[in-house]
1. So is Ile213 closer than 11 Å to Val271 by Cβ, assigned to a strand (DSSP E or B) and not acidic (Asp, Glu) or not?
2. Can you pull out every residue in the range 259-273 that is in contact with a Cys (Cβ under 9 Å, 6 or more places away or on another chain), of a type in the set (A, V, I, L, M) and over 12 Å from Asp192 (Cα atoms)?
3. Given the condition under 19 Å from the mean Cα position of the chain (by Cα) and in contact (Cβ under 8 Å) with a residue 24 or more places away in the chain, answer yes or no: does some residue in the range 334-343 qualify?
4. Going by the conditions given, is Asn60 modelled with pLDDT under 85 and assigned by TED's automatic domain parsing to the domain that holds Tyr334?
5. Restricting to strands (runs of 3 or more DSSP E) lying wholly in the range 229-275: which have 2 or more residues that are farther than 21 Å from Cys174 by Cα, among the basic types (Lys, Arg) and within 35 Å of the chain's Cα centre (by Cα)?
6. Which number in (1) at positive phi; (2) modelled with pLDDT under 85; (3) within 15 Å of the chain's Cα centre (by Cα) marks the one condition that Cys279 misses?
7. Take the range 346-374 and flag every residue that is in a strand (DSSP E or B) and in contact with a helix residue (DSSP H, G or I) (Cβ under 8 Å, 6 or more places away or on another chain).
Amino acid sequence: MGTGKKIFHLSLFIALAWIGCVKDPQDIPSGLTIDPAFHLSGSFDGQSLDIEAGRGGWTNQPVVIEEDSTLVYSSIFSLNECLDQCKPSWEFRFYNALPSTGNGEDDFFQTIDPGDKEFVLSNQQRDSFEITLNAHPSLFLSGYSYWENLNVPITTFQSEFNDVVGYGEYLNVCFQSLAYTGCQYNQCIYFDPSTYVPCQSSIVPKIEDPRTISLMVRPEGTAPFKIEWFNGSTSSSIVLPLQDTDVEIYASVTVTDALGNRSELNQSIRVQDGVVDACTFPISLKSVLRPSTAASDFADRVEIIYTDENDVAWKSISGIQPLSSFLTISDVEYFGLSPMNQAAYKISLLLSVELFNQFTGEAKHLETALSNIALSHP
């Protein structure tokens, strides 16, 4: 090895040792944002994630803010030291919901405490939904209807039924009506409540001529839809021949939307004297996240935000996290003072979390290897 390289490596070693024990902000004017000690690695949406402060323009800054009288310890990975409305960027927000001790360091370690403890990754009430079905039983005064919710049948004639569904569970709701005229209608809806919008369907019949009838499916949910009719057709409509003896046709169609939610619809189509009746029973099913009002739900709460190049924010709090989600801090190490003259720490963590598009409900999975982020306290 040449003398120049020896001197360079010795200088680098001394510089790193010096940075590790600095106490004054002038000693690290921008070292916190470019030091390779801070990195975010793992996978995001099935693709490799490898971000290192000081490489490719990425920096990592600790920022302390106050939100609704709550201290929030933030770490922002962004390009060129951007701290406001950055794109792309990664932000980790740790909320200190406990009463302030009046000591910045003590308040910090109330929240940023290494070890196996559970961080709340959603600001919704842990982790529930309000499921509402609106039906119109007056259309079938002599009929009956039933719910099947999580394999527990419930009979009701009410026009509205409310239920709270547990955390991370797939909802299975069936609704059936049998009118005194003989019309039959049954629709089973399978959907993930965290996607907000279930997949539903209805059949619109039309007599084309005395010998044929067309059936068109009208899907609701998140397009595009996959359609499967009882006769094997995958188009949005089918045409069926009518026999002279046909008074009633039984039709079934399965519709699956882009989010994997599904509807299975079975109903009778009555044809008489050139008039067609689809025996439709109008329903609407929706999922509403229930915001938390309990202060305890906010203790040790973490919000993770990824803002992509198109300025779309993907947030851990925009949906309900599955049971497998977690965030664990394994180590907290004092680093020095930040450019904002605040005590800065290197935080080592592991996490597995879903980030949700707040407008579409679509989710992307973030899973990290052991990563280091920068956090500060006032």
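1. Details: closer than 11 Å to Val271 by Cβ: yes; assigned to a strand (DSSP E or B): yes; not acidic (Asp, Glu): yes.
Taking the combined requirement at face value, the residue satisfies it.
2. Of everything in the range 259-273, those that are in contact with a Cys (Cβ under 9 Å, 6 or more places away or on another chain), of a type in the set (A, V, I, L, M) and over 12 Å from Asp192 (Cα atoms) turn out to be Leu265, Ile269.
3. Our first condition is that a residue be under 19 Å from the mean Cα position of the chain (by Cα); within the range 334-343, this holds for none.
No, because not a single residue in the range 334-343 is under 19 Å from the mean Cα position of the chain (by Cα) and in contact (Cβ under 8 Å) with a residue 24 or more places away in the chain.
4. Details: modelled with pLDDT under 85: no; assigned by TED's automatic domain parsing to the domain that holds Tyr334: yes.
Here the answer is no, as Asn60 does not meet what is asked.
5. Strands (runs of 3 or more DSSP E) meeting the threshold: none at all.
6. Unmet condition: (3).
7. Listed by number, the residues that qualify are Val353, Glu354, Leu355, Phe356, Asn357, Ala363, Ala374.
Okay, residues lined up against (1) of a type in the set (Ser, Thr, Tyr); (2) modelled with pLDDT under 80:
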site: Gly232; (1), (2): no, no
site: Ile238; (1), (2): no, no
site: Asp244; (1), (2): no, yes
site: Ser284; (1), (2): yes, yes
site: Gln321; (1), (2): no, yes
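The values are calculated or read from the model by the stated rules, or taken from the named source; none is laboratory data. Here the structure is a predicted model, which is why all the values come from computation and not from measurement. Heads up, the Cβs are rebuilt from the backbone with ideal geometry, glycines too, and the neighbour counts pull from every protein chain shown.
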